[in-house]
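The values are calculated or read from the model by the stated rules, or taken from the named source; none is laboratory data. Nothing here was measured: the structure is a model prediction, and the numbers come from that model. FYI the Cβ positions are ideal-geometry reconstructions off the backbone, even for glycines, and counts take in every protein chain you see. Protein only, heavy atoms only, side chains kept; ligands, DNA and RNA dropped before computing areas. Shrake-Rupley method; radii C 1.70, N 1.55, O 1.52, S 1.80 Å.
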Amino acid sequence: METLLNGVRGDYEVARRAALEVARLAGYTGGLTVRQTVEVPIGGGLGTSGASALATVLATAGLLGVKLSYTSLARIAHKVEVEAGTGLGTVSGLAVGGACIVAEPGPPGSDRVDRIPVGQDRVVVVGFFGPVRKSSVLRSTSLAEINRRGRFYVEALLGEPTIENLLAFSKSFSLETGLATPNVRKAYEELERRGFRLAGQAMVGDTVFTVVPVEEADAVSSILRNLGAHVTVTGISWKPAVLLL
């Protein structure tokens, strides 16, 4: 088994586990090479591990002719990510697409996911300050408090599912739990000072994000770059992750 990420060979655990799991189901014992290209920053709470798991499962299943439904394959990806300790609910959102609310966690098919309506004139602006280790961040605060506040804001968002609330609740959650990094706090302050009150933190990462009309993306990007962030601007895809052959 050989795994490469952006052209660099290494032991990329999630991709390796995902490919081997599908190969086992197919009864395949030959060699495999997984080549991944990730365009967004890694280690910033942007779900790259979950994306790696799902993409690798879909690609390996397609290559080896595994006859399973999309949900069954997504469940494999979820299992791989949980076992690798890289995430819990990322695959649920990827398997649906859009601006998702994971109302109840679990493997795809057993979870409950809803989506927030958002116009195509909006884009996501992400400011990434640097990679962080989830374990070190989570040790710094109470998991019980994280779960309590998280449940509160998920329920509040389900009650009034708007992009504005998603951003406001994300910001409040990060500040109230102490998960907001110094860079994220500074970004919140500067964005608000410049008239962009709504923003949130990608969990768990040293990363701030907001959703704005297309015409405001350049202004927000400039603010974040001036703070030292690597900036990504993207639309919101309403399609689930798919296999392109």
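Computed quantities for the displayed model
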{"quantity": "Matching residues in region 217-242 - criterion: being assigned to a loop (DSSP other than H, G, I, E, B) and of a type in the set (Gly, Ala, Ser)", "calculated": "GLY228, ALA229, GLY235, SER237, ALA241"}
{"quantity": "Conditions (1) open to solvent by less than 70 Å² (accessible area, probe 1.4 Å); (2) modelled with pLDDT of 95 or more; (3) within 26 Å of THR207 (Cβ to Cβ); (4) of a type in the set (A, V, I, L, M): number failed by VAL82", "calculated": "(2)"}
{"quantity": "Single match in GLY228, GLY205 (criterion: surrounded by 12 or more Cβ atoms within 10 Å (Cβ to Cβ) and at positive phi)", "calculated": "GLY228"}
{"quantity": "From the options GLY87, GLY93, residue that is assigned to a loop (DSSP other than H, G, I, E, B) and touching a residue at least 40 places away in the same chain (Cβ under 8 Å)", "calculated": "GLY87"}
{"quantity": "Single residue of ALA53, ALA26 found to be within 16 Å of ALA84 (Cβ to Cβ) and at pLDDT 95 or above", "calculated": "ALA53"}
{"quantity": "Considering residues of region 41-59 that are β-branched (Val, Ile, Thr) and open to solvent by 20 Å² or more (accessible area, probe 1.4 Å) only, the residue nearest to SER72 (Cα to Cα)", "calculated": "THR48"}
{"quantity": "Residue match in region 208-223 (condition: surrounded by fewer than 22 Cβ atoms within 10 Å (Cβ to Cβ) and among the polar types (S, T, N, Q))", "calculated": "yes"}
{"quantity": "Filtered residues of region 116-134 (kept if in contact (Cβ under 8 Å) with a residue 60 or more places away in the chain and either open to solvent by less than 20 Å² (accessible area, probe 1.4 Å) or part of a strand (DSSP E or B) (or both))", "calculated": "ARG122, VAL123, VAL124, VAL125, VAL126, GLY127, PHE128, PHE129, GLY130"}
{"quantity": "Selection status of LEU5, closer than 29 Å to TRP238 by Cβ and at pLDDT 95 or above", "calculated": "yes"}
{"quantity": "Subset of region 85-103 that is open to solvent by less than 30 Å² (accessible area, probe 1.4 Å) and not small (Gly, Ala, Ser) - its residue that is nearest to the chain's Cα centre (by Cα)", "calculated": "VAL91"}
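The rows are residues; the columns are (1) closer than 22 Å to TYR188 by Cβ; (2) in contact with a helix residue (DSSP H, G or I) (Cβ under 9 Å, 6 or more places away or on another chain).
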position: LEU64; (1), (2): no, yes
position: THR71; (1), (2): no, no
position: GLY93; (1), (2): no, yes
position: CYS100; (1), (2): no, yes
position: PRO131; (1), (2): yes, no
position: PRO161; (1), (2): no, no
